[in-house]
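Novice: Before anything else, here's the structure in question.
The values are calculated or read from the model by the stated rules, or taken from the named source; none is laboratory data. Worth saying up front: this structure is predicted, and the values here are computed from it rather than measured. Neighbour counts run over all protein chains shown; Cβ positions are idealised from the backbone, glycine included.
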Amino acid sequence: MSELPVLLSDLRLLRQIIESSTVGTVVTDALQDDQPIVFVNPAFERLSGYSAAELLGRNCRLLQGHDHDQAGVGELRQAIGQQQSVTVTLRNYRRDGTLFYNELTLSPVRDPAGTVTHFVGFQNDVTAREEARLHEAQLLLQLTSTLGRMTDGFVSLDRNLNLIYLNAAAASISGKRPEDLTGHDLLTTFPELADTDVFRAITRAAKTGAVQNAVSHMEPYGTIDVTVYPAEDGIAVFTRNVTQQHQLQKELRVSEERFSKVFQASPMPIVITHWSDQRLIDVNEAFLLQVGCQREEIVGRTFRESGIWDDNPDHDRLSSALHEVDSVRSLEVHLRTRSGKALHLVISMVRVELDGGTCVVSLARDVTLERAAQRVLVESEQRYRRIAAQLQRTLDLSLDMITSFDAEGRFVTVSAACQQILGYTPEELLGRPYLDFVHPDDRSMAAREDASITAGTATLAFQNRYLHRSGAVVWIEWVAVVLPGDPVMYCVARDITARRAAEEDQAYLAAIVQASQDAILGVSLDGTIRSWNAGAEQLYGYPMAEAVGQPVTLIVPPERRGEEVEMLRRAGRGESPGPFEAVRVAKDGRQIPVFVTVSPIRDAVGEVIGVSKIAQDITERHMARAEIQRLNEYLQQQLRHVTGLREIDQAIASTQELSVTLGMILDNIAQELGVDAVTLLLLDPYTLNLEYASTRGFTTPLQGSTVRVGTGLAGEVALSRKALSVPDLQTAPISPAWRGVLLREQLMNYYGAPLLAKGKVLGVMEVLHRQPFEPSASWLATFEMLTAQAAIAVDNDRLFTELDRKNLELRLAYDETIEGWARALDLRDKETEGHSRRVTEMTVELCRQLGLSSDQLVDVRRGALLHDIGKMAIPDAILLKPGKLTDEEWVEMKKHPGYAVELLSPIKFLRPVLDIPQYHHEKWDGSGYPFGLRGEAIPLTARAFAAVDVYDALTSDRPYRAAWTRERALAHIQSGSGTHFDPRIVQDFFELLAVESRS
């Protein structure tokens, strides 16, 4: 709120500007019957002579005195009744009774609903202007009076030949009064003129713009002489009854004398000049006073020759106007006299005929003061508007809402901040009661505060809730003032919603801090304790009154005070030390382990002014940590135990070497059970000897040594099938050799257990200690579990060994059966005897070179042996036919791959070997049988066998031909590469044969 005095000062400045304005300002209350005055500024006080106190509450009729019948008063009442703006000039009277003319501009002020609540009047003293206008009117009246007394008739017509003015002499022609004829058409009034020279002269002057003269005899008027003068806006006609010319001349001289008297006596400067050469014929006294010259200095000369206005820029324009004037014309000029006086004149000029010559009569009205007053008024109003606009722009830049309320609590002004604070634009708030926007629960309080401030009670600030356009609640802090004599309340409103929330957060935080069981204290940078909560009292034993103001070293052990100073120094640099454990001293001297969290405390500008320290008693935490550490060690031990068992299980399941598995078991026993030595002996069921299979912890190797069942400690365990515990080996009956080993190894305690599986003894597990040892229940359970694992491993190994032997025997039986089928086929077809064996061996070697695995080579061997097994279904007449087969026989022969599938596929273990029997007659180019497969769609093993099969057939003797040479057979195969054979297979096959030939 530091900027509030400045804003109020600006508001006072605005009021001072209004009050220092030279334009009188008055405000009336339109809602009251008599519309009393509610505000006047000092300019109005000076204008009227009344003080504000004398004017407030009274009607403006006070200034009119008894002069209530003015024309302007009626216009004013009508405008007020119609609630419209109006500008009138009134005769007003000051407090001392002096008259002044007041130009009043009255405007209604409406609220947003359109209701007129006030009228604002701006008062200007136009006494000088009105007196000048009155003088001009008097002069015109004198001129009209002169014209009215002229014996010659004078008629002024507009462009439509309607009578604008006619003097009595002109009206007397028709026998009527001038006022009875004014406004009527010329021919309607004087129909006798229709076919006369007079009327023709009038119309000719209107058309040509030239002066016309005509004489006509008109009954019953006599002979009339007229001179017609055209003008821009009409025609002037001088009439003369020539019949009475002498009488008229006499009357004219009288009239001229009278005019001369009026001319000289007129307060308005008048100049008569020759139209042709612009020389001055005559001037009146008022003109001489205006220019500061003597009559003889200017009469008979032009303006330039006389030296008046010689250096003024409007002189040429005035001279041109004098020469060009052909009707009544007004010209506003700025002139400067010979003496240097600046004049602002309105010159009205008319061309007339005097003494038979054309002259120009000019009336010069000095409006210098009037225009100066108008300029001052305009400049004052513009300056006021600029200041008001600048002030409003300045107010709109404020983040606070600056506003004012009238006596009914309606918004009169409001700055742009209202849109940010309340969500409404200034236009939406103006004229509306502020209570419409106050939270319903705060309206009565706001109304009471309003009444209190209006009554003059000093109020620093008050807070209440408003409703945002969105429905949200906004907390606002107000500062308001009512100036003496001013019904408007001026206010500054600030949105404190965030501040209220922060204060509430601080209150919550303070409550949390106070209720916390942790010790929370605030320490200044010099180490002084500034705050101390209940948790600190409970932890350290010092009441807050004893701790606050003391150095923080009150609770810090002497050996740690240097650390405390360093921590405060780092905090002063803005660093935030991480949480740490420390020791603090209680009032009773106890040292308390605590966990401390330190945070810097910053002021409003971000400077570090201290630290907050939260200390938590971690005595129980330390105890729990020790217990957790103990439990963790136990769990680690259990984890190692479980992990060891799992590794053993995996080793057993993976069928690793038995020695590896047993070594893992012995390692686990040594590690988990904490023994000094461990042995494992396996029983040979044929010799009944226990042989040392693995040991740990012995410097003397025992592998290869044996113990007879029934002798020694291990033999006794195997024979009894029960565990044996010997606390002291020195007293046990053991062999000298075994005792010597025990003495060398310094072993004194023994425990052994049998390895049992499916009721059979498989061996013995022994553990030994160098110190006295009494096994616990958990130790025994673990040992029994590991011993059982060892028994399972030994039993599984023996089962797998037996299974492998059985599988090998079975595979040998299978292969012997297949070879028997192949020999039987060879015996049936004498031409191919030995063929199956040869192609089988060569195909296996070729497929090995192609990269097939050992398991795949087993299937290759079996497939090659059985490649022609389908021929078993071919009749002997076809299979053994010595001559060429017929087409039908070839069709039957080509079925043997299908017969092979039908024969072998029911045998499950022979299904993987079907590729060679089924596809070995397919060709690379797709011309083979039985399916016409092409390229790599033919299985690799079948493609390899096809090359070997053809090669063996060509290099073997047949009854119908001798065997081909190796070279001829290879050339044949090479020629079939890419058609019959796979080119890659051919290349690998040739390489294989080359290697064999070299070997």
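Novice: List every residue pair whose Cβ atoms lie under 6 Å apart, where the two residues are 6 or more positions apart in sequence or sit on different chains, the first residue falls within region 498-515 and is over 18 Å from Lys613 (Cβ atoms), and the second residue, located anywhere, is surrounded by 10 or more Cβ atoms within 10 Å (Cβ to Cβ).
Specialist: Cβ pairs passing all conditions: Arg500/Trp475.
Novice: Here's a follow-up. Would you mind stating whether Val73 is at pLDDT 90 or above and not assigned by TED's automatic domain parsing to the domain that holds Leu483?
Specialist: Numbers: at pLDDT 90 or above: no; not assigned by TED's automatic domain parsing to the domain that holds Leu483: yes.
In short, no.
Novice: Of all strands (runs of 3 or more DSSP E) completely enclosed by region 97-197, which ones contain at least 2 residues that are farther than 23 Å from Cys60 by Cα and out of contact with any Pro (no Cβ under 8 Å at 6 or more places or on another chain)?
Specialist: On the way: elements: 99-110, 116-125, 153-157, 163-166.
By residue number, 153-157, 163-166.
Novice: Out of all the residues in region 902-920, which are surrounded by fewer than 17 Cβ atoms within 10 Å (Cβ to Cβ) and not small (Gly, Ala, Ser)?
Specialist: Start the filter on region 902-920 by keeping residues that are surrounded by fewer than 17 Cβ atoms within 10 Å (Cβ to Cβ), which leaves 902, 905-909, 911-912.
Glu902, Pro906, Ile907, Lys908, Phe909, Arg911, Pro912 - these are the residues of region 902-920 that are surrounded by fewer than 17 Cβ atoms within 10 Å (Cβ to Cβ) and not small (Gly, Ala, Ser).
Novice: Name the strands (runs of 3 or more DSSP E) wholly inside region 472-543 in which the number of residues that are under 26 Å from Gln591 (Cβ atoms) and of a type outside the set (Gly, Ala, Ser) is 2 or more.
Specialist: Details: elements: 473-482, 489-495, 519-524, 529-532.
In region 472-543, the matching strands (runs of 3 or more DSSP E) lie at 519-524, 529-532.
Novice: Sticking with this structure for a sec: Considering only strands (runs of 3 or more DSSP E) fully contained in region 703-794, which possess at least 2 residues that are touching a residue at least 24 places away in the same chain (Cβ under 8 Å) and over 22 Å from Val660 (Cβ atoms)?
Specialist: On the way: elements: 706-708, 724-726, 749-757, 760-769.
Counting at least 2 such residues, we get 724-726, 749-757, 760-769.
Novice: Let me ask another. Is it the case that Gln856 is in contact with a Ser or Thr (Cβ under 9 Å, 6 or more places away or on another chain), surrounded by fewer than 17 Cβ atoms within 10 Å (Cβ to Cβ) and modelled with pLDDT of 90 or more?
Specialist: Values: in contact with a Ser or Thr (Cβ under 9 Å, 6 or more places away or on another chain): yes; surrounded by fewer than 17 Cβ atoms within 10 Å (Cβ to Cβ): yes; modelled with pLDDT of 90 or more: yes.
Yes; evaluated as a whole, the condition is true for this residue.
Novice: Return the pair list, or none, for Cβ contacts closer than 7 Å from residues in region 31-59 that are in the same structural domain as Pro484 (by TED's automatic domain parsing) to residues that are surrounded by 14 or more Cβ atoms within 10 Å (Cβ to Cβ), at least 6 apart or on different chains.
Specialist: none
Novice: Contact list please: Cβ distance under 6 Å, first residue in region 953-981 and aromatic (Phe, Trp, Tyr), second residue surrounded by fewer than 11 Cβ atoms within 10 Å (Cβ to Cβ) and assigned to a loop (DSSP other than H, G, I, E, B), pairs at least six apart or on different chains.
Specialist: Every condition considered, no pair remains.
Novice: Filter region 940-956 for residues that are surrounded by 24 or more Cβ atoms within 10 Å (Cβ to Cβ) and hydroxyl-bearing (Ser, Thr, Tyr) and give the result.
Specialist: Matches in region 940-956: Thr941 only.
Novice: Moving on. Filter region 568-613 for residues that are free of Cβ contacts under 8 Å to residues at least 40 places away in the same chain and in a helix (DSSP H, G or I); which is surrounded by the most Cβ atoms within 10 Å (Cβ to Cβ)?
Specialist: By that ranking, first place goes to Arg570.
Novice: While we're here: State all residues of region 444-465 that are of a type in the set (Lys, Arg) and buried (at least 16 other Cβ atoms within 10 Å of the Cβ); if no residue qualifies, say none. Write out each step before concluding.
Specialist: Of the residues in region 444-465, the ones of a type in the set (Lys, Arg) are 448, 465.
Answer for region 444-465, where residues must be of a type in the set (Lys, Arg) and buried (at least 16 other Cβ atoms within 10 Å of the Cβ): just Arg465.
Novice: While we're on this one: Checking Ala113 against (1) surrounded by 14 or more Cβ atoms within 10 Å (Cβ to Cβ); (2) within 58 Å of the chain's Cα centre (by Cα); (3) among the aliphatic types (A, V, I, L, M), which single condition isn't satisfied?
Specialist: (1)
Novice: Looking at Val473, is it over 29 Å from Arg110 (Cβ atoms), surrounded by 15 or more Cβ atoms within 10 Å (Cβ to Cβ) and out of contact with any Asp or Glu (no Cβ under 8 Å at 6 or more places or on another chain)? Explain how you work it out, then say what you get.
Specialist: Working: over 29 Å from Arg110 (Cβ atoms): yes; surrounded by 15 or more Cβ atoms within 10 Å (Cβ to Cβ): no; out of contact with any Asp or Glu (no Cβ under 8 Å at 6 or more places or on another chain): yes.
Spelling it out, it is not the case that Val473 is over 29 Å from Arg110 (Cβ atoms), surrounded by 15 or more Cβ atoms within 10 Å (Cβ to Cβ) and out of contact with any Asp or Glu (no Cβ under 8 Å at 6 or more places or on another chain).
Novice: So in region 30-69, with the set limited to residues that are of a type in the set (S, T, N, Q) and out of contact with any Ser or Thr (no Cβ under 9 Å at 6 or more places or on another chain), which one is nearest to Pro487 (Cα to Cα)?
Specialist: Gln32
Novice: Return the only residue of Ser327, Ser320 being modelled with pLDDT under 75, surrounded by 16 or more Cβ atoms within 10 Å (Cβ to Cβ) and within 27 Å of Ser156 (Cα to Cα).
Specialist: After ruling out the rest, the residue left standing is Ser327.
Novice: Is it the case that region 356-365 has a residue that's over 25 Å from Leu139 (Cβ atoms) and either modelled with pLDDT of 80 or more or among the hydroxyl-bearing types (Ser, Thr, Tyr) (or both)?
Specialist: If we filter region 356-365 for residues that are over 25 Å from Leu139 (Cβ atoms), which is where we start, we get 356.
Imposing the further condition that a residue be either modelled with pLDDT of 80 or more or among the hydroxyl-bearing types (Ser, Thr, Tyr) (or both) reduces the set to none.
Checked against the condition, which is being over 25 Å from Leu139 (Cβ atoms) and either modelled with pLDDT of 80 or more or among the hydroxyl-bearing types (Ser, Thr, Tyr) (or both), region 356-365 yields no hits at all.
Novice: Here is a further query. Identify all residues within region 605-623 that are more than 14 Å from Val594 (Cα to Cα) and either of a type in the set (A, V, I, L, M, F, W, C) or touching a Phe, Trp or Tyr at 6+ places or on another chain (Cβ under 8 Å) (or both); write none if there are none.
Specialist: First, the residues of region 605-623 that are more than 14 Å from Val594 (Cα to Cα): 605-612.
Hits for region 605-623 are Val605, Val608, Ile609, Val611.
Novice: Please go through region 222-232 and give me each residue that is within 20 Å of Leu147 (Cα to Cα) and not hydrophobic (A, V, I, L, M, F, W, C), ordered by number.
Specialist: If the condition is that a residue be within 20 Å of Leu147 (Cα to Cα) and not hydrophobic (A, V, I, L, M, F, W, C), then Asp225, Thr227, Tyr229, Pro230 are the ones that fit.
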